[in-house]
Amino acid sequence: MDASVAPALVLKDVEAGYGEGPVLRDFNLTVAAGEVYALLGPNGAGKSTAARVACGLIPVRRGRATAGEGAPRRGRIGLAPQDCALFPALTPRENVAAVAALCGLPRSNRPAAVERALALTGCAPRADEPVHSLSGGWRRRANLSAALVGRPRLLIADEPTEGVDAAARVVLSSALRETVQAGAGCLLISHDEAFVSETADRIGVLAQGRLLAEGPPKALLRQAFGLARLLVVKLPRPASRLAASRFAQSGLAPSKDGLEWRLLCEDALGAAQRVSPEADAEGGEVAVRRPGLDDLVAHLSDASS
Ligand SMILES: Nc1ncnc2c1ncn2[C@@H]1O[C@H](COP(=O)(O)OP(=O)(O)OP(=O)(O)O)[C@@H](O)[C@H]1O
């Protein structure tokens, strides 16, 4: 990343919220030009609030928010909100054209800009059907096209893959990657672990309005878990007393509903062999896997609460 290029977003010592108690306090976040930065965290952590501060939808009570500097004033931030911001009676092409006008693009440039934005998200094949008749996945593509048409310096994509199939996810990931390769910065908010792993350069893990960790996903996973693997036993019903005591003896801890027992350790395969007889007798399934981003979020937010 080029340090001489201004960041796409800087939130510095920000305090912001809705009622009396702030949601974000002393909150710092920088999204560089050329990177996709994903904010992860449990429900209510403050991710959408940070996005709203970034695009000026809620004011900063303290600190400073600077977004999209270096772009024309009206098109500098592109927002693809979680609840698609589209006119349902209009087609994707008409919606994207309307946003192009709102962004202040010169009239003569608009048709090419609209085609480009529709092509980036693969929306062109359904671009002339009314939005209300499109499936959720096509609406998501149109929603992202509308955010991209003004060539924003900062793109904010809030849950862009909600209700989207695997093929569309690949296209949307490429659209975000191409956008940042062209020089924008992207703030991505997503609960979609696979999408974030494929798309983000850096992630920030947020809980209760505080950033708990940030960095490249692989580095954070390595730092949190090292060589440990996760043993997961899934049960159709809570374990019998005998099985529960055997799982506990082997170091596994139950979920709140008692349907899942877990252990994070370097010898997860050995532990799996030890608990397999009880798991089989209970009709359960045993799996060993590498911890992923969802595990990282749970691990960091549990440790901070
Ligand atoms: N419009 C609002 N008015 C009042 N409080 C709100 C409003 N929107 C969010 N909040 C509160 O702010 C806190 C953070 O919410 P926010 O939507 O930013 O979390 P989030 O991390 O995006 O959650 P999720 O993953 O569920 O979308 C929550 O306690 C929420 O109840």
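The values are calculated or read from the model by the stated rules, or taken from the named source; none is laboratory data. As the structure is a prediction and not an experimental result, all values here were calculated from the model. Note that each Cβ is placed from the backbone with ideal geometry, even for glycine, and that neighbours are counted across all protein chains shown.
A few comments on the model shown:
- Among (1) under 27 Å from Val297 (Cβ atoms); (2) in contact with a His (Cβ under 8 Å, 6 or more places away or on another chain), the one test that Pro88 misses: (1)
- Residue count for the stretch 6-43 under the criterion of being within 13 Å of the ligand (Cβ to nearest atom), free of Cβ contacts under 8 Å to residues at least 24 places away in the same chain and under 18 Å from the mean Cα position of the chain (by Cα): the result is 1.
- Scanning the stretch 215-229 for residues that are crowded, with 18+ Cβ neighbours inside 10 Å and touching a strand residue (DSSP E or B) at 6+ places or on another chain (Cβ under 9 Å) turns up Pro217, Leu220, Phe225, Arg229.
- With respect to the conditions (1) exposed (fewer than 14 other Cβ atoms within 10 Å of the Cβ); (2) away from the ligand (no atom under 16 Å from the Cβ); (3) within 30 Å of Lys12 (Cβ to Cβ), Gly56 falls short on a single one, namely (2).
- Candidate set: the stretch 231-279, residues that are touching a residue at least 12 places away in the same chain (Cβ under 8 Å) and among the basic types (Lys, Arg); chosen: the one surrounded by the fewest Cβ atoms within 10 Å (Cβ to Cβ): Arg237
- Note on the stretch 280-305: among residues that are acidic (Asp, Glu) and touching a residue at least 24 places away in the same chain (Cβ under 8 Å), the one that is nearest to Glu193 (Cα to Cα) is Asp294.
- Hey, Leu90 surrounded by 21 or more Cβ atoms within 10 Å (Cβ to Cβ) and at pLDDT 90 or above or not: no
Here is a yes/no grid of residues against (1) surrounded by fewer than 23 Cβ atoms within 10 Å (Cβ to Cβ); (2) more than 16 Å from the ligand (Cβ to nearest atom); (3) polar (S, T, N, Q); (4) under 15 Å from the mean Cα position of the chain (by Cα):
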| position | (1), (2), (3), (4) |
| --- | --- |
| Ala182 | yes, yes, no, no |
| Asp201 | yes, yes, no, yes |
| Leu206 | no, no, no, yes |
| Leu212 | yes, no, no, no |
